[in-house]
Amino acid sequence: MYKAPRGTQDILPPDQPHWQWIRGWIQELCPLYGYGRIDKPLFEPTELFTRGVGESTEVVEKQMYTFQDKGGSSLTLLPEATAPVMRTYLEHGMHVLPQPVKLYAVLPIFRHDRPQAGRYRQFSQLNCEAIGEADPAVDAESIALAWRFFHGLGLSQLSLQLNSIGDATCRPGYLEALVAHYRANEDEICDECRERMVKNPMRLLDCKRRRCQPVIDGSPKSAELLCGPCDEHFQELRRHLDRLGLNYHLNHRLARGLDYYTRTVFEIWAPGIGAQSALLGGGRYDGLAEVLGGQPTPGVGFAAGLERTVLALKTQEAEPPASSPSGAYLAYLGDDEKAEAFSLAERLREAGIPALLGFGNRSLKAQMREADRSGAAHALIVGSRERESGMVTVRDLATGAEVPVPQEEVVRWLRERASALAS
Ligand code: HAM
């Protein structure tokens, strides 16, 4: 028996209401903030990620699905979408548009990580990126959108984690202080962190090993070592958040695991969904465009994990708006009636009414059992009497009440019934 590859999942019809709800909300919400939808390829040149995300990040070093295509190019399934969205912006000359250009996309993301609850090898992200404007008000707007995304779905008790990790001016000083702290504690840290100290000290804060946690906790705080402009940016962002009444927790350990971040970084956490509690992560990436060969272009954005959002919705018992039974199940007695039921089903679909037909020449009783389980509001029964008189028996599957309706009238009858129920 074949099984879904480890860390992937089938999303079956009963789970779809949660997903449709989320996707519908995304389409409603993002335009409210001026975000336009883009769709993107699911693979990109590997170099986009090694350069854009950083060689010594865990995502690039350990988690990418990289392959060589038949032309010998090295390609990688999206392990994240910010570098690819920046590639889109640069390739399509979007700097000539009014700035910032705000783009959103729902994309499958691939990471070869150890699967567990809330952590998959293929998962979906909502990515929202605002590119071309350095104003801290854009950071605040991005965070407000992120927050509203979850609140609009009815999630509560979320926590917003915030930090600033500076820029090319102040980061070196911070990293020097960080490395000095690690040197002083070299006996307490893991071998990988010893390597990180030399290769990419920013990634020291990502270490998950228990022995390194006290050293991380005692580390110097980037937000306290910012240069003047970064500090002003951070203060202004915080004033905006305060004015919006968005409470945040200043988290000095938040460094976000990807190399392109500058200044603002943030995450939104949900309680009670297990170890993988980050529903969303984001931040500013003012240096990314240049790393990818473009003109200096600021940007800020986030990605929300949709599987984790579904987990949080289920944990908090936030249910999608209930859909009431709709449409018709067509049941019939013999072959002639089946042919008639078949055409009637097509007529209903043409009129936009969902219609199901019993297959396999089952008994009428068996068909009625199926009708009850089908989610249809009505069964339309075609027996020999109905066929001869051009009628159909309409059975209300909730109450069991039956009425004869002329076949010619049945579309109108079902429509009137549906609008009476809706009002
Ligand atoms: P990230 O923090 O790596 O950021 O991922 C964002 C979100 O994707 C996480 O908060 C989580 O909800 C979800 N996620 C990550 N890994 C997994 C996994 N293995 N299984 C299930 N869900 C997962 C980024 O990807 C950045 N590109 C976000 C960004 C956009 N920054 C600026 N703009």
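Bear in mind that the values in this text are calculations on the coordinates, not laboratory data. What you are looking at is a predicted structure, and each value in this text was computed from that prediction instead of being measured. Methodologically, a virtual Cβ is constructed for each residue, glycine included, from the backbone with ideal geometry; neighbour enumeration extends over all protein chains shown.
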Could you tell me which residue out of 131, 165, 152 lies farthest along the dipole of the stretch 53-167 toward its positive end? Charges go on the beta carbon: Lys and Arg +1, Asp and Glu -1, centred on the Cα centre. 152
Cα radius of gyration and Dmax for the chain (Å): 27.9, 94
Which angle from 0 to 90°, rounded to the nearest 10, does the C-alpha axis of helix 410-422 make with the longest principal axis of the chain? 50 degrees
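Among rounded, prolate and oblate, which fits the stretch 335-375 when a ≥ b ≥ c are the square roots of the eigenvalues of its C-alpha gyration tensor, a/c under 1.5 means rounded, and a/b larger than b/c means prolate?
Because a/c hits 1.5 or more and a/b fails to exceed b/c, the stretch 335-375 counts as oblate.
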What angle do you read, to the nearest 10 degrees and between 0 and 90, between the alpha-carbon axis of helix 228-244 and the longest principal axis of the chain? 30 degrees
Anything over 18 Å Cα to Cα? Flag those among 338/365; 3/40; 3/62; 62/221, in the order listed. 3/40; 3/62; 62/221
Based on Cβ point charges of +1 for Lys and Arg and -1 for Asp and Glu, what charge dipole magnitude is obtained for the stretch 263-396 about its Cα centre, in debye rounded to the nearest 20? 220 debye
Environment charge of residue 385, counting only residues whose C-beta is closer than 15 Å and scoring Lys/Arg +1, Asp/Glu -1: -4
Quickly estimate the mean residue ellipticity at 222 nm for the chain, helices only: each DSSP H run with n ≥ 4 gives -39500 (n - 2.57), and the total goes over all residues, rounded to 500. -11500 deg cm²/dmol
How large are Rg and Dmax for the stretch 1-50 when only the alpha carbon atoms are used, in Å? 16.2, 47
Given labels modelled 7 Å from the Cα in the Cβ direction, how far is it in nm from residue 179 to residue 194? 1.7 nm
Using alpha-carbon positions, the gyration tensor of the stretch 96-194 gives root eigenvalues a ≥ b ≥ c; with a/c under 1.5 called rounded, otherwise prolate if a/b exceeds b/c, else oblate, the class is oblate
Estimated distance in nm for a label pair at residue 122 and residue 39, the labels positioned 7 Å out from Cα along Cα-to-Cβ: 1.7 nm
So the FRET efficiency between residue 250 and residue 69, C-beta based with R0 = 45 Å and rounded to 0.05, is 0.50
If R0 = 35 Å, then residue 339 and residue 4, at their Cβ-Cβ distance, give a FRET efficiency to the nearest 0.05 of 0.30
Determine, for each peptide in 321-328, 283-290, the mean count of other beta carbons within 10 angstrom over its residues, then list the peptides with the highest first. 283-290, 321-328
Using alpha carbons only, how many degrees (0 to 90, rounded to 10) separate the axis of helix 16-32 from the longest principal axis of the chain? 60 degrees
Highest first, please rank the peptides 250-263, 334-347 by the mean number of other Cβ atoms sitting within 10 Å of their residues. 250-263, 334-347
Partner aspartates and glutamates for residue 314 [C-alpha distance under 13 Å; skip if fewer than 8 residues away on the same chain]: 15
Using a Förster radius of 51 Å, what is the FRET efficiency between residue 278 and residue 422 based on their Cβ-Cβ separation? Nearest 0.05, please. 0.80
Where the eigenvalues come from the Cα gyration tensor of the stretch 146-190, what are the semi-axes √(5λ) of the equivalent ellipsoid, largest first, in whole Å? 36, 17, 6
If every Lys and Arg gets +1 and every Asp and Glu gets -1 at its Cβ, then about the Cα centre the stretch 101-190 yields a dipole, in debye to the nearest 20, of 540 debye
D (µm²/s, integer) via Stokes-Einstein for the stretch 26-166, Kirkwood Rh across alpha-carbon pairs, 20 °C, 1.002 mPa s: value 127 µm²/s
Viscosity 1.306 mPa s, temperature 10 °C: give me the Stokes-Einstein translational D for the stretch 157-218 in µm²/s, with Rh taken as the Kirkwood radius over C-alpha pairs. 127 µm²/s
Between residue 361 and residue 95, the two model label points (7 Å from Cα along the beta-carbon direction) sit apart by a distance in nm of 7.2 nm
Among 398, 363, 380, the residue whose Cα sits farthest towards the positive end of the charge dipole of the stretch 323-423 (+1 at Cβ of Lys and Arg, -1 at Cβ of Asp and Glu, taken about the Cα centre) is 398
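At a threshold of 8 angstrom on Cα-Cα distance, excluding pairs fewer than six apart, so keeping six or more, what relative contact order does the chain reach in percent?
Taking the mean separation of contacting Cα pairs over the length of the chain, I get 15 percent.
Using the Cα centre of the chain as the reference point, and only Cβ charges (+1 on K/R, -1 on D/E), how large is the resulting charge dipole? Debye, rounded to the nearest 20. Before the final figure, lay out each step's value.
Working: 48 positive and 55 negative charges, 164 e Å.
It works out to roughly 780 debye.
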Cα centroids of the stretch 140-163 and the stretch 363-407: how far apart, whole angstrom? 48 Å
Let me know the shape class of the stretch 197-355, please: from the alpha-carbon gyration tensor, a ≥ b ≥ c as square roots of the eigenvalues, rounded when a/c is under 1.5, otherwise prolate if a/b is greater than b/c, or oblate. prolate
A chain fully extended from residue 208 to residue 370 at 0.36 nm per residue, minus the present Cα-Cα distance, gains in nm 53.1 nm
Before anything else, pin down the relative contact order of the stretch 313-423: Cα pairs under 8 Å, at least 6 apart, normalised by residue count, whole percent. 26 percent
List the relative contact order of the stretch 113-244 as a percent without decimals, with contacts defined as Cα pairs under 8 Å and 6+ residues apart. 31 percent
